[in-house]
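Just below is one structure, and these are the notes that go with it.
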There are 4 protein chains.
Amino acid sequence: MMKLKQLLQSRTHLSENLLHGKPGDIRNPSWLHAFTSRVSLSTATDHFADKGNYPDRVYAPYCVYKGKASLTVYPVLPKFSRLDSGGLKVDRHGVMMLQFSPAVGERKYDWEKKQFFALSAVEVGSLLSLSPGGGCEFFHDPSMKTSNAGQVRKSLSVKSMDGGSYFLSLSVVNNIQKTNERLAVPLTAAEFAVMQTACSFALPHILGWDRYMNQKLPRTEATPSTLEWDR
Amino acid sequence: MMKLKQLLQSRTHLSENLLHGKPGDIRNPSWLHAFTSRVSLSTATDHFADKGNYPDRVYAPYCVYKGKASLTVYPVLPKFSRLDSGGLKVDRHGVMMLQFSPAVGERKYDWEKKQFFALSAVEVGSLLSLSPGGGCEFFHDPSMKTSNAGQVRKSLSVKSMDGGSYFLSLSVVNNIQKTNERLAVPLTAAEFAVMQTACSFALPHILGWDRYMNQKLPRTEATPSTLEWDR
Amino acid sequence: MMKLKQLLQSRTHLSENLLHGKPGDIRNPSWLHAFTSRVSLSTATDHFADKGNYPDRVYAPYCVYKGKASLTVYPVLPKFSRLDSGGLKVDRHGVMMLQFSPAVGERKYDWEKKQFFALSAVEVGSLLSLSPGGGCEFFHDPSMKTSNAGQVRKSLSVKSMDGGSYFLSLSVVNNIQKTNERLAVPLTAAEFAVMQTACSFALPHILGWDRYMNQKLPRTEATPSTLEWDR
Amino acid sequence: MMKLKQLLQSRTHLSENLLHGKPGDIRNPSWLHAFTSRVSLSTATDHFADKGNYPDRVYAPYCVYKGKASLTVYPVLPKFSRLDSGGLKVDRHGVMMLQFSPAVGERKYDWEKKQFFALSAVEVGSLLSLSPGGGCEFFHDPSMKTSNAGQVRKSLSVKSMDGGSYFLSLSVVNNIQKTNERLAVPLTAAEFAVMQTACSFALPHILGWDRYMNQKLPRTEATPSTLEWDR
């Protein structure tokens with residue numbers, strides 16, 4: 001079971017790495033600020049970067065700005081590949097991306113020091129199933145299955161506070177760069193409710209289930225109106 | 001933190017101002033009645049008015065008519081602008097618009113005296129996270145960051161009543177015009193449930209997250225069927 | 001307030017009347033059985049009947065078959081009319097249609113004796129906000145505002161039973177035809193959960209809010225890519 | 001009432017049978033592994049197989065891998081047939097398909113021994129309405145209404161465990177082949193929350209209600225803009 005857990009962690013961190021951008025990267029979710037990737041841990045091929053541009057890329061994150069750090073949340077849809085049969089299968093699972101940036105002044109945040117944490121579908125389920133007073137903690141290793149495995153450890157803890165509010169704390173320990181960062185954002189009950197509602201909306205899309213709903217369905221009988229129906 | 005709160009208030013009130021219409025304004029959400037804007041506080045440019053017409057504008061508000069006032073609720077989607085890269089980013093956040101109009105007789109309401117209160121995503125989250133017996137209150141300054149800052153104060157209070165019903169009360173104090181208005185609408189548990197369900201549906205759209213779901217996704221491999229997939 | 005309540009009842013019953021069909025009516029939601037409208041109370045013009053055919057009409061009701069009667073549930077979307085400006089406004093509100101038919105044998109139901117009860121958005125809200133042990137009752141007069149007002153009285157009661165199940169009972173008293181019918185269907189907790197989940201899904205569509213989400217949005221700036229964006 | 005229950009069971013198992021595939025079957029939901037149908041109980045005509053290919057078939061299951069077995073969940077939409085009038089009616093109800101496969105080593109599962117259990121809409125309602133500490137059990141006979149009725153009995157039990165987790169256990173007793181299999185998968189609270197959220201999303205689609213929402217609606221008045229509206 002441990003290995004399965006690691007497999008999952010590896011998968012979600014792959015996504016985090018893929019989202020680490022480069023200066024001027026079109027994929028930069030923090031479009032309000034110049035962007036330089038401070039840490040480049042990724043060894044994975046970035047399919048996106050190979051392609052050049054995405055005329056329909058959308059930037060609509062849910063942002064919460066607090067005194068010590070900001071939190072930016074947005075969904076990353078799964079990637080599909082086409083089968084020889086013509087069907088589509090999930091190639092890489094979707095995630096809910098959390099991006100933390102430290103404050104460096106009043107209403108100013110150091111986007112160059114932002115850290116990512118990609119929640120898998122099941123980790124999103126943890127947030128959705130939090131009962132009053134409950135909490136959860138997730139551990140990711142972005143270098144899983146590489147020679148650097150275990151060198152960088154990320155953990156996100158979600159703790160319940162009074163009145164339905166929650167305290168999110170991201171810890172990133174990098175033994176290679178000898179750094180240890182902690183970014184914390186308190187969420188009010190209202191802010192957490194937005195996150196839960198938005199995550200609940202996004203979860204089926206992260207799983208790719210919206211694709212089931214939009215597929216063209218075969219009919220029970222072939223009739224002259226087939227073309228109309230398939231339209 | 002105070003400034004951030006004010007920033008948020010300013011933003012939501014910008015939307016309220018933009019929604020203040022003029023006689024015969026096509027944007028008038030109260031299409032059943034002649035419309036004259038009683039108070040024109042807005043200093044913002046109304047992008048809509050510049051454009052002339054909206055062939056697909058939709059009028060489908062959720063309306064509750066009560067003895068002292070009516071409440072009309074409808075979502076206002078975020079506005080996107082196109083990046084040079086071709087992507088889309090949120091230019092102005094969406095809101096849940098609440099419109100209160102005082103009663104002037106049995107089933108008659110003075111639409112000229114209607115008042116707007118634009119709920120931000122987090123304020124919608126407050127409504128969604130209300131626990132039995134709980135309540136919340138929001139404060140807006142539509143003139144934030146102008147020379148009239150602090151001259152008009154709006155507040156909306158939501159108080160729990162017996163049996164799951166709620167009492168919504170909007171107060172608008174205008175020091176410039178020396179007016180002080182209060183519009184109150186009680187909502188039954190059923191009416192509030194409709195509002196919560198509709199707001200829960202609308203919240204991801206207010207955030208612009210539905211755009212994530214509809215964007216055209218790049219595929220992992222370029223194949224001859226790319227055109228079909230991108231269609 | 002009483003008159004407003006009656007107005008609402010009138011509105012929802014208008015929909016019920018419009019849904020009363022004629023033999024061979026294409027709109028017949030009970031497509032499995034021959035259909036003869038037993039009672040024809042409607043004085044309203046049936047826009048649908050004037051039009052002849054609906055190539056895309058959908059029949060996908062949620063059906064529950066019980067010992068004494070069957071219950072068929074399906075949403076009826078609002079009707080929109082186009083404004084001179086090109087916009088769309090709700091012309092008639094959507095409803096959640098409940099159709100009860102009495103059993104006349106094992107697994108046989110007399111579809112000619114079926115009775116309709118059209119739940120308004122707020123009445124759907126009542127079902128959604130039912131707390132354990134709670135119940136609700138709705139009263140409709142399908143002849144409201146006609147010379148037959150008060151001659152036919154429909155009431156639907158929803159009572160909580162043990163283990164999360166509910167008992168739905170429809171009473172139709174027709175003073176003109178001197179008839180008094182009662183149709184009752186018990187719903188298990190699972191069957192009621194399906195109804196609540198489906199109603200929660202349908203409610204925003206009954207309000208017409210899905211139209212907000214699909215409207216073409218104006219952009220903040222006119223650019224050469226406008227055509228692409230509007231596509 | 002018993003017969004109605006059996007009718008329902010028959011219906012859902014029809015779907016299970018239809019999903020039993022053949023080697024190389026394009027419909028194979030376990031696209032990661034070679035596929036051989038171990039048990040072929042189906043006597044129903046497989047409409048899909050007659051058609052040859054489905055260029056838009058989607059494979060995006062929700063998978064949970066545990067020590068003794070894996071669970072794969074995905075929705076199967078209803079099938080519609082076109083009426084002479086041009087309308088669409090549900091021909092076969094949709095289901096939520098559960099697929100269990102036994103573990104044969106660490107992270108290895110014997111997909112040839114997988115077993116299906118197709119949850120009807122009401123059975124999905126049972127999962128959605130589970131209260132803390134509650135459980136449910138479903139019984140299916142895939143050979144219902146054939147000469148083999150009663151020879152194969154499937155049952156799925158869902159039991160509440162500590163901390164919001166659940167234990168799913170599928171039993172398949174085949175008196176023809178003299179086999180008796182049991183496949184069990186424990187789900188954490190988070191994993192179960194994903195399943196509930198995904199099922200809640202899928203339920204209206206399983207009922208076919210999304211088709212109501214997408215149908216082209218007639219308008220109240222025929223105007224020159226009809227073509228635009230119908231577009």
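No lab work stands behind these numbers, since they all come straight from the coordinates. Every value quoted in this text rests on a predicted model; they were computed, and no experiment measured them. Positions of Cβ are generated from backbone atoms using ideal geometry, with glycine treated the same way; all protein chains shown enter the neighbour counts.
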Tally Lys/Arg at +1 and Asp/Glu at -1 over every other residue whose Cβ is under 9 Å from the Cβ of B:Val90; what's the total?
+3
Multiplying the sequence separation of B:Ser165 and B:Ser81 by 0.36 nm and subtracting their Cα-Cα distance, what value in nm do you get?
26.2 nm
Cut-off under 5 Å, modelled amide H: who pairs with B:Leu98 long-range
B:Phe117, B:Ala118, B:Leu119
Filtering chymotrypsin sites (Phe, Trp or Tyr not before Pro) in region B:137-180 by DSSP loop and by at most 14 other Cβ atoms within 10 Å leaves none
Can you pull the one-decimal nm distance between simple spin-label points at C:Ser147 and B:Phe139, each 7 Å off the Cα toward Cβ?
6.2 nm
Average silhouette area of region D:69-184, convex hull of alpha-carbon atoms, in square nanometres:
10.0 nm²
Within 10 Å of each Cβ in B:71-84, how many Cβ atoms from other chains are there, averaged over the peptide?
4
Which entries of A:Lys79/A:Lys108; A:Lys68/A:Lys178; C:Lys66/C:Lys145; D:Lys89/D:Lys145; B:Lys108/C:Lys89; A:Lys108/B:Lys89 show an alpha-carbon separation above 30 angstrom in the structure shown?
A:Lys79/A:Lys108; C:Lys66/C:Lys145
Using a 7 Å Cα-to-Cβ projection, B:Ala149 label spacings across copies, nm, ascending
5.6, 5.6, 7.9
Assume the label is 7 Å from Cα along Cα to beta carbon: what separations in nm does B:Asp84 have to the matching positions in the other copies?
4.5, 4.5, 6.4
Amide hydrogen neighbours beyond the local backbone of C:Ser143, cut-off 5 Å, H modeled:
C:Gly150, C:Val152
I'd like the distance between the alpha-carbon centres of region C:96-115 and region A:144-159, rounded to an integer number of Å.
61 Å
Using a label point 7 angstrom from Cα along Cα-to-C-beta, what distances in nm, from shortest up, separate D:Gly134 from the other copies?
1.6, 1.6, 2.3
